[in-house]
Amino acid sequence: MARLSGWLLDASIQNREAVLWIKTADGRAVRLTDPYNPDFYVRLKDNADLGEAATVIGQHPNVLEAHVDWRYPSVAERRRTEVIHVTVDGSRSFKGVLADLEGLGYIRDWFNVDILHIQRYLFKRGFAPTQKLEVELDAGRVLRKATVLDDGVEVAPPPFTPLIFRLEVESGRPEPDPEKDPIKAVTILDESLAVEEALEGEEEWVLKSFQEEVLRRDPDLLIAPDCVELTLQYLMERFERRGMIPQLGRERSNTHEEWRPRGQPIPGRVALGLDSYLQDGMAGIVERSRFAMVPMGLASRWAPGRLIDSRQCYEALRRDILIPKLRSPPVYETTVKNLVFMDRGGLILSPITGLHENVAILDFESMFPNILIKYNISYETVTPRGVNHSKPGFLGELTKRFLERRLHYKRLRKVFPKDSTEWRWCEQRQSALKEILVCIYGFSGCDVNRYGNVYTYAKINEVSRGLLVRAINVSRRMGYRVLYADCDSVFVQRDWASREDYEILAAQIQEELGLPIALDKHFKFLVLLRQEADPDIEATRRYFGKLTNGELFYRGVELRRHDYPPFLKEFEERLMGILFDAETKEEVEQRQYMKAVEYVVRMLEEVASGSIPPESLIITKMLRRPLDSYRALSPHVSAAIQMIQSGRRLKGGHSPYLSPPINFIYVNAEHPNPFRRVMPADMINGDHHHYDREKYQEMLLDVAETVLGWKGFTGEGLGFKKKPRSLIEEVKNRGRKY
């Protein structure tokens, strides 16, 4: 019997066996198999004979075994109940067996039936893709034993090799058709998305060359925009249209019609979307995969709620708790009216708007996960009557391990230089876990949560509100003003308070509340803003300021938006810099405010002169759906149509449903013809200097009002006609006329 160690690259189910791919330390990819027989549980209606029913079910030609077993019917039950455990001969006959048993008429409840086969296999085996394993296998490479090797606190992700590529499609239509539109090129990119190699030419040559390149490089990961749902499907369709059998995997394909499990279209390689690879990073995808106990391809595409559902199913299975169907009846029923009165959500204290000096943000560290653990809040512990503390909660136990893991990487990243490779890996890991842990709170009362309990969700909110009130009271008792509070953070201020003073305050709050809280940001100057949509209302999570280390920090302003041109972002940052170039609040309010206004006037004149390079005025917006599904000709939609009509490709492979970025400038925003209002950035040449000066002045004034509006600055004060910044403001203005 041979032994082998390496990282589990991927796993899939092929009817009666699981196929595993192990990546060894020396770079080999080894294929293993493991027998697989799916199973499920049923609970009978009252008065049905369990033994007789098990005998009848066992006679089904695709049922290997059916016997009476004992399991916990829910996370709340402390006593096992009798159910029938049914084992089927393979995944292909699984649904047929379920359909046949439906006809028996005496089955009341079904358990473990609507999880994926690969989930069922990995849950039982107890290992996850990306984990390092030591395996024993026989001569036929059939798995006999697998042991997880502890690499749980490794910083570097497994040594999987990527190949990043994108398709270029030759098409004259808004949405390319894989049956008609050929692939013009396949571009291979490096990790920085720079072009490494471009395979261009006749489609058959391009497909053949790409296939050869994949086999030569032998990557573990194939990464492309919307890789599984779009790119690979398009690629496979074009192979078939050309009468070619694609050979992109580590197993030879003999036909187009080979059965492939969902989520694993290329045997021996993992298909990942480019967006998730860039957003989460390799280390982040590893964390998602290990948390959910599913292959990387699925983990990278699933929303946090589904990842949490998968983990809960695994934890239930290993505790002998049955897995109910999705959208099962709630644990406790309530009316909408009762829910409204019962759950008030998180607490938000309206901000004291305007300029403030020497402000600190105290932030609870992972507040909601810590509440679950400390207060034993879980699906089975929270009832309409209160919380049961007699037994550790299912949800708290699940959360605790991954909260500790997240905090480990959050603290470890401080050991490495910022933006170093090791720092990025730690950041990717802790960010991926943070996203999941934050969603556990919201998912606890969700209607698609198998174990969901709306009282659990409401209890978390209730506890969080109480904790925030206590934190506010401690701050005030110690002589601090509370300027703003938002769910898990408090903005406090006291004249002449030092960083040490704020840290002492945080320590006192932590001691009294028993939950970790720390000084997150220390501002020299801070401006809390009103709502952009309705200036009469204070805004939440909308502020900007200068930290004591000299850096600018902002939330909810134009600098945070992706659809503002570089010129205006640079203007806003420079304007903030001028405003805060002072030692005291009085200097900001008087001398620096006037300097900032003067700078606004200069930039308005520069925009009016037409001297701003058009390249710095480019606005970027994403197409979020097929181009022909848009009813309104919004600026970016008009620009995209102009690009296609002029024969230009949309970035991302000439396909709007890849969410490509559309770059454009305003040339006449008030023109009655939508196609005359904007110009695609790709159509700008060296001789083009025209842009809509009034539109960009209007946008510049919007930015200036964000930064200086707390002092009363408006465009009207400079002689410009006021335009509504939102629908709410427009309605209010019309109301005043009547």
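The values are calculated or read from the model by the stated rules, or taken from the named source; none is laboratory data. Just so it is clear, the structure is predicted and the values come from calculations on it, not from any experiment. So basically every Cβ, Gly included, is an ideal-geometry build from the backbone, and we count neighbours across all protein chains shown.
Miscellaneous remarks
- In the range 267-336, counting only helices (runs of 4 or more DSSP H) that sit wholly within it, the ones holding 2 or more residues that are at pLDDT 95 or above and within 30 Å of LEU215 (Cβ to Cβ) span 274-292, 296-301.
- 1 or more residues of a type outside the set (Phe, Trp, Tyr) and in contact with a helix residue (DSSP H, G or I) (Cβ under 9 Å, 6 or more places away or on another chain): qualifying strands (runs of 3 or more DSSP E) within the range 70-170: 81-88, 107-111, 143-149, 162-169
- Identity of the residue in the range 374-433, among the hydrophobic types (A, V, I, L, M, F, W, C) and in a loop (DSSP other than H, G, I, E, B), that ends up nearest to THR456 (Cα to Cα): ILE377
- Hits in the range 486-503 (condition: in contact with a Pro (Cβ under 9 Å, 6 or more places away or on another chain) and surrounded by fewer than 22 Cβ atoms within 10 Å (Cβ to Cβ)): ASP486
- Which listed residue is among the charged types (D, E, K, R), at pLDDT 90 or above and within 33 Å of the chain's Cα centre (by Cα), from GLU694, GLU705: GLU705
- Yes/no for ARG411 being more than 24 Å from ARG318 (Cα to Cα), at pLDDT 95 or above, assigned by TED's automatic domain parsing to the domain that holds TYR375 and among the basic types (Lys, Arg): no
- Here SER366 clears all of (1) over 24 Å from the mean Cα position of the chain (by Cα); (2) within 24 Å of ASP486 (Cα to Cα) except the condition numbered (1).
- With respect to (1) more than 30 Å from LYS410 (Cα to Cα); (2) in contact with a Leu (Cβ under 9 Å, 6 or more places away or on another chain), the lone exception for ASP220 is condition (1).
- Of the residues in the range 144-154, at least one is touching a residue at least 60 places away in the same chain (Cβ under 8 Å), within 30 Å of ASP26 (Cα to Cα) and hydrophobic (A, V, I, L, M, F, W, C).
- Residue within the range 183-196 that is assigned by TED's automatic domain parsing to the domain that holds LEU248, at negative phi, small (Gly, Ala, Ser) and crowded, with 17+ Cβ neighbours inside 10 Å present: yes
- If the condition is being touching a helix residue (DSSP H, G or I) at 6+ places or on another chain (Cβ under 6 Å), more than 15 Å from ARG676 (Cβ to Cβ) and not in a helix (DSSP H, G or I), then the range 613-646 contributes ILE618, LYS621, LEU623, PRO626, TYR630.
- Where a residue in the range 410-426 is over 19 Å from GLN279 (Cβ atoms) and its partner, wherever it lies, is of a type in the set (D, E, K, R), with Cβ under 7 Å and at least six apart: PHE416/GLU422
- Residue in the range 385-394 that is of a type in the set (Lys, Arg), under 24 Å from ARG499 (Cβ atoms) and without any contact (Cβ under 8 Å) to a residue 60 or more places away in the chain present: no
- For beta carbons closer than 7 Å, sequence separation of 6+ or different chains, a first residue in the range 38-55 that is in a loop (DSSP other than H, G, I, E, B) and a second that is crowded, with 18+ Cβ neighbours inside 10 Å, the qualifying pairs are PRO38/VAL88; PRO38/SER91; PRO38/PHE94; PRO38/HIS117; PRO38/ARG120.
- Condition met for TRP423 (assigned by TED's automatic domain parsing to the domain that holds VAL527, under 30 Å from GLU583 (Cβ atoms) and either surrounded by 17 or more Cβ atoms within 10 Å (Cβ to Cβ) or hydrophobic (A, V, I, L, M, F, W, C) (or both)): no
- Matching residues, the range 340-355, being surrounded by 14 or more Cβ atoms within 10 Å (Cβ to Cβ), within 28 Å of the chain's Cα centre (by Cα) and modelled with pLDDT under 75: ASP343
- Test result for LYS124, closer than 18 Å to LEU9 by Cβ, over 25 Å from the mean Cα position of the chain (by Cα), basic (Lys, Arg) and surrounded by fewer than 21 Cβ atoms within 10 Å (Cβ to Cβ): no
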